[in-house]
Amino acid sequence: MNRHDSQLSERLRTGFLGVIAFGLILFLLVQARFILICLAFAIIIFSLTSDAISAFARLKVPNWLATTLALIAIAVGLLWAATAVVAQVNEVVSTAIAYADRAQAVLSSLSQRWGPGAQEAIATFTGNIDVAGWLRSAAAQASNLISGSVLILTFVGFMFSERIWFPVKIERLTGDPDRARQVLGTVHVIMRRVNRYLVVKAGISAVTAALIWAIFRLAGLELAGAIAMLTFILNFIPTLGSIIATVIAIVLVLAQTGDPTLTLTLGGLITAVQFVVGNVFDPMLLGQTLRLSSFGIVLSLAFWGVVWGIAGTFLAVPIMVAVMIVCAQIPWLRPVAILLSQEGLPEQEPSSGLRR
């Protein structure tokens with residue numbers, strides 16, 4: 001009996017310490033969110049450009065030249081992207097605020113057709129929504145992209161300077177060449193899968209954005225470029241991103257046209273584009289690329305969205321890929337990797353699935 005009590009006490013103590021450790025890690029994730037988010041994006045950019053540098057090396061380009069060109073390209077691209085996103089968000093905010101009165105007038109006329117009950121419900125709903133405040137808040141958050149880009153660029157630069165010594169450090173940390181090769185192999189698998197996901201997702205998002213841009217241009221509406229850029233960016237957020245992009249596009253159509261019939265027509269086209277891409281091409285391509293559980297993606301999206309906000313929703317899938325692959329290498333965490341994988345095979349490479 002004493003032995004049973006001691007085992008129970010040990011388990012309770014271990015569980016209690018685990019809860020404390022999780023709470024401490026969660027506290028640090030929230031408090032250092034800006035630095036950690038920038039570091040996560042820097043690692044992703046470093047991973048993508050490392051593949052490019054390796055490709056240049058195979059073309060007999062000196063490593064220092066390839067690294068220098070990569071850093072220049074990253075700096076120009078990152079700062080240009082941040083500036084473009086801020087400019088487009090500000091344009092959407094200013095235009096949406098300018099059309100806010102027209103949108104409220106349209107909603108008021110629609111509510112009158114549906115009767116006094118619907119009119120009162122719509123009035124109560126719209127009265128509790130501070131659209132202008134939300135848009136200004138989004139613009140303020142977008143302006144943080146500039147400072148974040150500078151920090152990301154700094155992290156990437158130091159990562160490139162340490163790139164050549166990383167395998168040596170891993171070998172000295174593990175003290176075993178075989179174990180070091182295993183760790184490096186795990187890191188390369190994570191980089192390969194995340195890079196593949198980002199490339200495929202970028203292609204899918206670009207096609208979706210181009211179709212939304214074409215719909216706006218053919219309808220003669222403003223903000224076609226801004227909506228296309230927002231659609232491209234938001235589609236990197238699993239599930240929720242396409243919904244948010246669709247709602248924003250339909251609201252802007254209603255605000256600009258003031259015509260419910262035209263809004264329903266264009267809204268149906270926009271929804272159809274998002275539905276076909278999100279439910280046909282997205283699962284077909286990304287399902288083979290990631291082999292992640294759909295429910296696990298939703299849980300990861302919810303967790304990192306709460307912890308890191310909008311940036312966390314963008315990073316949810318890459319972090320989940322890394323967690324699944326790392327857990328697959330640790331025996332007592334392997335059940336977690338099996339649950340996170342789509343078919344219970346976390347080690348299986350997506351390419352092998354494509355060959356079958």
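Are there any pairs with C-beta distances below 9 angstrom linking a residue in the range 68-85 that is free of Cβ contacts under 8 Å to residues at least 60 places away in the same chain to a residue that is surrounded by 12 or more Cβ atoms within 10 Å (Cβ to Cβ) and not in a helix (DSSP H, G or I), with the two at least 6 apart or on different chains, and if so which?
L69/V61
Do you know which of the residues in the range 329-345 that are among the small types (G, A, S) and either touching a strand residue (DSSP E or B) at 6+ places or on another chain (Cβ under 8 Å) or without any contact (Cβ under 8 Å) to a residue 12 or more places away in the chain (or both) is nearest to I297 (Cα to Cα)?
Looking at residues that are among the small types (G, A, S) and either touching a strand residue (DSSP E or B) at 6+ places or on another chain (Cβ under 8 Å) or without any contact (Cβ under 8 Å) to a residue 12 or more places away in the chain (or both), I get S341.
Only one of these is farther than 30 Å from M191 by Cα, touching a Gly at 6+ places or on another chain (Cβ under 7 Å) and open to solvent by less than 80 Å² (accessible area, probe 1.4 Å): V253, V273. Name it.
Selected residue: V253, the only one of V253, V273 that is farther than 30 Å from M191 by Cα, touching a Gly at 6+ places or on another chain (Cβ under 7 Å) and open to solvent by less than 80 Å² (accessible area, probe 1.4 Å).
Name the residues in the range 171-186 that are under 16 Å from A328 (Cα atoms) and open to solvent by less than 100 Å² (accessible area, probe 1.4 Å), would you?
Listed by number, the residues that qualify are Q182, V183, L184, G185, T186.
From the list V106, V76, V156, V168, which one is modelled with pLDDT of 65 or more and open to solvent by less than 40 Å² (accessible area, probe 1.4 Å)?
Answer to the check: V156.
Inspect all residues belonging to the range 169-186 and state whether any of them is under 21 Å from the mean Cα position of the chain (by Cα), part of a helix (DSSP H, G or I) and closer than 30 Å to A302 by Cβ.
no
Only one of (1) in a helix (DSSP H, G or I); (2) open to solvent by less than 40 Å² (accessible area, probe 1.4 Å); (3) under 28 Å from V86 (Cβ atoms) fails for V189. Which number is that?
So V189 meets the others, but not (3).
If you go through the range 230-245 one residue at a time, how many are part of a helix (DSSP H, G or I) and under 13 Å from S205 (Cα atoms)?
The qualifying residues number 8.
Condition test on G309, is it of a type in the set (G, A, S), within 25 Å of I204 (Cβ to Cβ) and in contact with a helix residue (DSSP H, G or I) (Cβ under 9 Å, 6 or more places away or on another chain)?
The answer is yes for G309.
Report, by residue number, each residue of the range 227-242 that is in contact with a Phe, Trp or Tyr (Cβ under 6 Å, 6 or more places away or on another chain) and either at positive phi or open to solvent by 30 Å² or more (accessible area, probe 1.4 Å) (or both).
Within the range 227-242, F236 is the sole residue that qualifies.
Identify the single condition in (1) at pLDDT below 80; (2) touching a Phe, Trp or Tyr at 6+ places or on another chain (Cβ under 9 Å); (3) not polar (S, T, N, Q) that I43 does not satisfy, given that it satisfies every other one.
Against the list (1) at pLDDT below 80; (2) touching a Phe, Trp or Tyr at 6+ places or on another chain (Cβ under 9 Å); (3) not polar (S, T, N, Q), I43 comes up short only on (1).
Residue by residue through the range 206-226, note down the ones that are surrounded by 21 or more Cβ atoms within 10 Å (Cβ to Cβ) and under 19 Å from A82 (Cβ atoms).
A209, A226
Yes or no: the range 202-211 includes at least one residue that is out of contact with any Leu (no Cβ under 7 Å at 6 or more places or on another chain) and over 29 Å from L299 (Cα atoms).
Yes - at least one qualifying residue is present in the range 202-211.
The values are calculated or read from the model by the stated rules, or taken from the named source; none is laboratory data. Predicted model only: the values in this text are computed from it and were never measured. All Cβ positions, glycine included, derive from the backbone under ideal geometry; neighbour counts span all protein chains shown. Protein only, heavy atoms only, side chains kept; ligands, DNA and RNA dropped before computing areas. Shrake-Rupley method; radii C 1.70, N 1.55, O 1.52, S 1.80 Å.
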